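**Q** Sending over a structure as structure tokens; questions will come in a sec.
The values are calculated or read from the model by the stated rules, or taken from the named source; none is laboratory data. Since this is a predicted model, take the numbers as computed values, not measurements. Here the Cβ is made from the backbone with ideal geometry for all residues, glycine too, and neighbour counts use every protein chain on show. Calculation scope for accessible area: heavy atoms of the full protein, side chains included, ligands and nucleic acids excluded. Shrake-Rupley method; radii C 1.70, N 1.55, O 1.52, S 1.80 Å.
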Amino acid sequence: MHPVLAKDNVAVVTGGASGIGLEIVGRLVALGMKVAIADLPGPALERAAAETGALGVAVDVTDRAALEALKVRVERELGPVSALFANAAIQPGSDVFDERGTWGRVIDVNLMGLVHTVQVLAPAMIASGAPGLIVMTGSKQGITTPPGDPAYNAAKAGVKAFAEAVQHDLRGREGCRVEARLLIPGFVWTGLTRQGRTEKPAGAWTAEQLVDF
């Protein structure tokens, strides 16, 4: 267990109202951390906050101003952020020539939303001089880039490159105690990946298994 993930430290989880993000939130709360769930407004966010006791904040990660407001609110109500889980993502499907019209939103959320989340929240973590952890959720599809969903693959490949760049930058800063890590899930059975299926394939992990690992 990373030492930052400790009682009374503050964590922010984007995309924390469902799937992998919600499982992360539950684990952090169980550790005694003060957790903010950043997700789109609606019943899922309200339910997640009520069930976990975390602070629910309605945020679209493609809106940088909303992320700035998130930072201010979390620092005011919970304290300085020690752990950031940049996890928000969508997977509506895509094709090479964008006949479905999904490329823009996928890149905006899965890549640029993550980039903006880190750019907004990480500087204060660095400046504090305290230990910190940034975890960015990538995907096996960003590594192996299988055919079938090129927009998602491209976005997650970009997340891999960005995570490596962030860690390189942090490692070179004198006195910096913040680390960046890339989480690379394989096939995890969540609402994001079900895509009409009603039964979990034998080879898929649950979100619980992923977070255990």
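**Q** Tally time: how many residues in the stretch 133-165 are open to solvent by 40 Å² or more (accessible area, probe 1.4 Å), touching a helix residue (DSSP H, G or I) at 6+ places or on another chain (Cβ under 6 Å) and closer than 17 Å to residue 95 by Cα?
**A** 2
**Q** While we're looking at this one, here's another question. For residues that are within 16 Å of the chain's Cα centre (by Cα), more than 20 Å from residue 17 (Cβ to Cβ) and modelled with pLDDT of 85 or more, scanning just the stretch 172-213, find the one that is most open to solvent (accessible area, probe 1.4 Å).
**A** Ranking the qualifying residues of the stretch 172-213, first place goes to 181.
**Q** From 163, 155, 88, 124, grab the single residue that is closer than 30 Å to residue 8 by Cβ, under 17 Å from the mean Cα position of the chain (by Cα), of a type in the set (Gly, Ala, Ser) and not in a loop (DSSP other than H, G, I, E, B).
**A** Details: 155 fails: closer than 30 Å to residue 8 by Cβ; 88 fails: not in a loop (DSSP other than H, G, I, E, B); 124 fails: under 17 Å from the mean Cα position of the chain (by Cα).
Result of the check over 163, 155, 88, 124: 163.
**Q** Also, quick follow-up: Can you tell me how many residues within the stretch 43-73 are part of a loop (DSSP other than H, G, I, E, B), open to solvent by 20 Å² or more (accessible area, probe 1.4 Å) and within 25 Å of residue 106 (Cα to Cα)? Break it down into steps so the answer makes sense when it comes.
**A** Quick first cut of the stretch 43-73, residues part of a loop (DSSP other than H, G, I, E, B) only: 53-54, 59-63.
From what is left, the residues that are open to solvent by 20 Å² or more (accessible area, probe 1.4 Å) are 53, 60, 62-63.
From the residues that got through so far, the ones that are within 25 Å of residue 106 (Cα to Cα) too are 60, 62-63.
So the answer is 3.
**Q** Okay, next question. Please enumerate the residues belonging to the stretch 92-116 that are open to solvent by 30 Å² or more (accessible area, probe 1.4 Å), in a loop (DSSP other than H, G, I, E, B) and closer than 29 Å to residue 12 by Cα.
**A** Residue satisfying the conditions is 92 alone.
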